[in-house]
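Heads up, the thing below is written out as structure tokens.
The values are calculated or read from the model by the stated rules, or taken from the named source; none is laboratory data. What you are looking at is a predicted structure, and each value in this text was computed from that prediction instead of being measured. A quick note on method: Cβ atoms are made from the backbone with ideal geometry, for glycine too, and the neighbour counts reach across all protein chains shown.
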Amino acid sequence: MPRVQTPRYCCPDLIGIEHYERWVSRDLIEEIQQLARQLRGIRVCHINSTASGGGVAEMLGSLVPLCSTLGIQADWRLITGDEQFFRVTKTFHNALQSAGLDLREEALAGYLERNRVSAEQVHDEYDVYVVHDPQPLAIRHFASTDHSKWIWRCHIDSSKPNPPTWEFVRPFVEEYDAVVFTMESFQPADLNASCLRFVPPAIDPLSTKNLELDEDLYCRVLVELGISLRKPVLLQVSRFDPWKDPLGVIRAFHLVKQEIPALQLVLAGGMATDDPQGGEMLEALRTEAAGDRDIHVFTNLGNLEINALQRAAYAIIQKSIKEGFGLVVSEVFWKRKPVVAGNAGGIPLQFPDDYQGFLVESVEECAQRLSTLLKQPAQAQGFGAAGNAKVTADFLLPRLLRDELQLFADVL
Ligand code: UDP
């Protein structure tokens, strides 16, 4: 399994847990340092299936190096596979989110074989393995470790899984020492786990995705991308996935534009290597957007460009129909932007109480809420500020690190 190179943070003046004290309490920092002393020297390995392009990769890119600065040897490895493998795992992903499943025996056999081959490289080298999502789930089954502890971290809303899929997946899940879901409501009703935890994800305010940027800089980035500074920008940043409903976003945009013609829409989508649906959806989007020069579609922009777009946008759309957590919502609340989002998965958890009315169920509702925000800048600003307060309180990296270290201490 290839190792993902994360930044070494060999410059302690730049990043260490103390650098987060600007935003989180001294008590939380001390709690983390205390847990780290208790765990010093342990070896932890995260395993997932992509180094970029989704929320899991985004979090691991910050969590793994920060953990290492605390005397814990943290590594990140990838399960690799061909297109067929990722078609099967994306089908699992969709089926855990309750979609119908259409997988033949040989596809399942191929999935298991890839997990078996990856498990051959696992030999008690780490004290704790944290396996993310269904792609590498069965590695634990095939790995011959005697002393390691195994944690399955499921980022998907699995509350109503497609029954045959769950029947296939469940025995593998129940072999783990601990299972973590984002929220209590995400667990399947009949899961029998020896240790169950609920831990929401978090963003890193020090990553290039979230760092403060000067207005001059982000305006320049927009101009270089060919986006006008004269018309307000509505933005959705998401994998091109049917569950994120980018086609619905374009339809909502067209509805708002009938009322407010001087508007632009930017769709920025990561083509994650483990998501084979991305290419097909991109084609469909280009067709839907054809002829409208105010719609800009980008693929695989860098962190600084995404940061710039999120800071320059007037309002954000995240029109998910099904969602895990939707890390991007915390990213934009952090930047004090108002958000109109699908009422799905972990998104409502991130919304400030007084603004739950901006959670929507349809294209029409989405258009209507966007139009409200465009006409009422003061409300839009208040919403963004409330979102920032919510993220500061609940969804910053140190809290996630504390929860994770606590779990390691418990399973060990
Ligand atoms: N992202 C990105 N570039 C893109 C699209 C998405 O960097 O073109 C990032 C986005 O900023 C966020 C993550 O990918 O950090 C998406 O996470 P989320 O939890 O919202 O969705 P997921 O893809 O994990 O379902």
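Does segment 230-251 hold any residues that are within 11 Å of the ligand (Cβ to nearest atom), charged (D, E, K, R) and crowded, with 22+ Cβ neighbours inside 10 Å, and which are they?
Those that are within 11 Å of the ligand (Cβ to nearest atom), charged (D, E, K, R) and crowded, with 22+ Cβ neighbours inside 10 Å: D241, K244.
Does any residue of segment 269-281 turn out to be assigned to a strand (DSSP E or B) and modelled with pLDDT of 95 or more? Outline the logic, then answer.
Restricting attention to segment 269-281, the residues satisfying the condition of being assigned to a strand (DSSP E or B) are 269.
Subset that is modelled with pLDDT of 95 or more: none.
For segment 269-281, residues assigned to a strand (DSSP E or B) and modelled with pLDDT of 95 or more: absent.
Quick test of your reading of the structure: L225 fulfils all but one of (1) at pLDDT 95 or above; (2) surrounded by fewer than 16 Cβ atoms within 10 Å (Cβ to Cβ). Name the failing condition by number.
It is condition (2) that L225 fails.
Which ones in segment 150-188 are of a type in the set (K, R) and surrounded by fewer than 21 Cβ atoms within 10 Å (Cβ to Cβ)? Steps first, answer last, please.
First, the residues of segment 150-188 that are of a type in the set (K, R): 153, 160, 170.
Matches in segment 150-188: K160, R170.
The rows are residues; the columns are (1) in the same structural domain as Q135 (by TED's automatic domain parsing); (2) assigned to a loop (DSSP other than H, G, I, E, B); (3) of a type outside the set (A, V, I, L, M, F, W, C).
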position: Q33; (1), (2), (3): yes, no, yes
position: A36; (1), (2), (3): yes, no, no
position: C45; (1), (2), (3): yes, no, no
position: T50; (1), (2), (3): yes, yes, yes
position: L60; (1), (2), (3): yes, no, no
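Could you list, in sequence order, the residues of segment 359-412 that are surrounded by fewer than 20 Cβ atoms within 10 Å (Cβ to Cβ) and outside any helix (DSSP H, G or I)?
L359, E361, S362, Q376, L412
Condition first: within 24 Å of the chain's Cα centre (by Cα), assigned to a helix (DSSP H, G or I) and among the aromatic types (F, W, Y). Can you find one or more residues in segment 87-97 that meet it? Quick ask: steps written out before the conclusion?
In the first step, residues of segment 87-97 are kept if they are within 24 Å of the chain's Cα centre (by Cα); the result is 87-97.
Checking which are assigned to a helix (DSSP H, G or I) leaves us with 87-96.
With among the aromatic types (F, W, Y) added as a condition, the list becomes 92.
Looking for residues that are within 24 Å of the chain's Cα centre (by Cα), assigned to a helix (DSSP H, G or I) and among the aromatic types (F, W, Y), one finds at least one in segment 87-97, hence yes.
Looking at A262, A252 in this structure, which one is among the aliphatic types (A, V, I, L, M), assigned to a loop (DSSP other than H, G, I, E, B) and assigned by TED's automatic domain parsing to the domain that holds R369? Write out each step before concluding.
On the way: A252 fails: assigned to a loop (DSSP other than H, G, I, E, B).
Exactly one residue qualifies, and that residue is A262.
I need a count of the residues in segment 290-337 that are outside any helix (DSSP H, G or I) and under 19 Å from A262 (Cα atoms).
Looking only at that region, the number is 13.
Got a number for residues in segment 76-86 being under 24 Å from P398 (Cα atoms) and surrounded by fewer than 18 Cβ atoms within 10 Å (Cβ to Cβ)?
So the count comes out to 0.
Which ones in segment 188-222 are aliphatic (A, V, I, L, M) and touching a strand residue (DSSP E or B) at 6+ places or on another chain (Cβ under 9 Å)? Give the derivation first.
At the first step, the residues of segment 188-222 found to be aliphatic (A, V, I, L, M) are 189, 191, 193, 196, 199, 202-203, 206, 211, 213, 217, 221-222.
Residues satisfying the conditions are L191, A193, L196, V199, A202, I203, L222.
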